[in-house]
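What follows is calculated from the coordinates using simple rules that are stated; it is not laboratory data. None of these values were measured; they are calculated from a predicted model. Every residue, glycine among them, receives a Cβ derived from its backbone with ideal geometry; neighbour counts consider all protein chains shown.
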Amino acid sequence: MVGDTRFGVRVQGIAKRYRHRVKGEVWAARDVSLDVAPGEFLTLLGPSGCGKTTTLRMVAGFETPDAGRVFIGERDVTALPANQRDIGFVFQNYALFPHLTIFENVAYGLRVRGRAEGEIKRAVGDVLALVGLAGYEAQFSSQLSGGEQQRVALARAIVIRPGVLLFDEPLSNLDARLRVQMRHEIRSLQRRLGITTVYVTHDQEEAMAVSDRIVVMNQGRVVQQGSAEDLYQRPASAFVARFIGRINALDARVSALDATGIELQALGRTLR
């Protein structure tokens with residue numbers, strides 16, 4: 001089972017605004033542009049309310065942008081509903097059907113697509129084995145641990161062989177130890193399948209562990225993007241530096257600058 005790595009994602013200047021009863025017009029995302037290469041694992045990282053989930057939902061088709069375009073592969077999907085975008089989506093709360101067995105949960109997308117029963121049985125068996133849940137077909141989600149439920153949600157997303165896989169903070173409901181285990185499993189599986197992936201988290205360590213590239217967002221905008229090393233070693237702003245890692249910062253004023261160096265006034269002293 002291999003994902004179709006021909007599909008990248010291109011977002012051009014998308015924006016989304018809402019009307020708030022108290023605050024009035026609020027921009028959840030503003031002029032967001034990014035490119036995800038075929039087979040790449042890209043993470044949208046930022047604090048709560050920064051616009052990362054809104055951006056993901058516009059890529060998925062759950063929200064319609066007020067401006068801008070969304071492309072999956074070479075196809076403009078901006079106006080298409082989610083079920084026509086060739087995506088798999090893993091929700092924060094797993095969104096498993098409690099009245100269906102694990103087999104039927106995973107098979108749901110294939111049944112909607114009208115696949116033959118024999119094909120469904122083979123595909124579900126293969127993907128459950130892939131996520132380490134072979135033999136769980138007859139159980140219900142209420143009988144599983146949080147980590148096992150997350151694997152079922154992942155299996156359901158990839159069994160349809162999507163061109164793009166989207167994750168909305170999938171590990172936030174797990175304990176710290178299980179989060180570490182699951183992020184390694186997700187990254188390993190993504191590499192095996194080669195599916196283009198967009199992942200949302202507010203956890204810096206998680207983003208650095210799973211991503212080929214990270215897009216840092218704040219107040220609805222992209223403020224920097226690059227590898228984990230780029231962001232850590234060369235932050236573009238004080239916000240990125242503080243958000244990505246711990247820093248030693250002091251207030252200073254540049255008093256002189258020439259080819260030999262820089263002179264600062266700080267702590268009542270001249271530093272050079």
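Details
- Burial order of peptide ranges 105-116, 238-249 (average beta-carbon count within 10 Å, highest first): 105-116, 238-249
- For region 49-160, the C-alpha radius of gyration divided by 2.2 N^0.38 Å, with N the number of residues, is 1.19.
- Summarised as an ellipsoid, region 1-111 has semi-axes of 26, 20, 13 Å, derived from the eigenvalues of the Cα gyration tensor scaled by 5 and square-rooted, with the largest first.
- Percent breakdown of C-alpha pair distances by 5 Å bin, ordered from the shortest bin, for region 85-147: 4, 16, 26, 29, 19, 5, 1
- Gain in span if fully extended, residue 142 to residue 269, counting 0.36 nm per residue against the direct Cα distance: 39.3 nm
- Modelled spin-label separation between residue 258 and residue 104, with each label point placed 7 Å from Cα along the Cα-to-Cβ direction: 8.1 nm.
- Most positive-pole-ward Cα, 53, 142, 64, against dipole of the chain from beta carbon charges: 64
- Here region 9-271 is assigned +1 on the Cβ of each Lys and Arg and -1 on the Cβ of each Asp and Glu. Its dipole about the Cα centre then comes out at about 420 debye.
- Computed as a quarter of the hull surface, the mean projected area of the alpha carbon convex hull for region 9-271 stands at 18.8 nm².
- Span from the region 187-231 Cα centroid across to the region 51-87 one, whole angstrom: 19
- Principal-axis tilt of helix 146-158 within the chain, Cα atoms, nearest 10 degrees: 80
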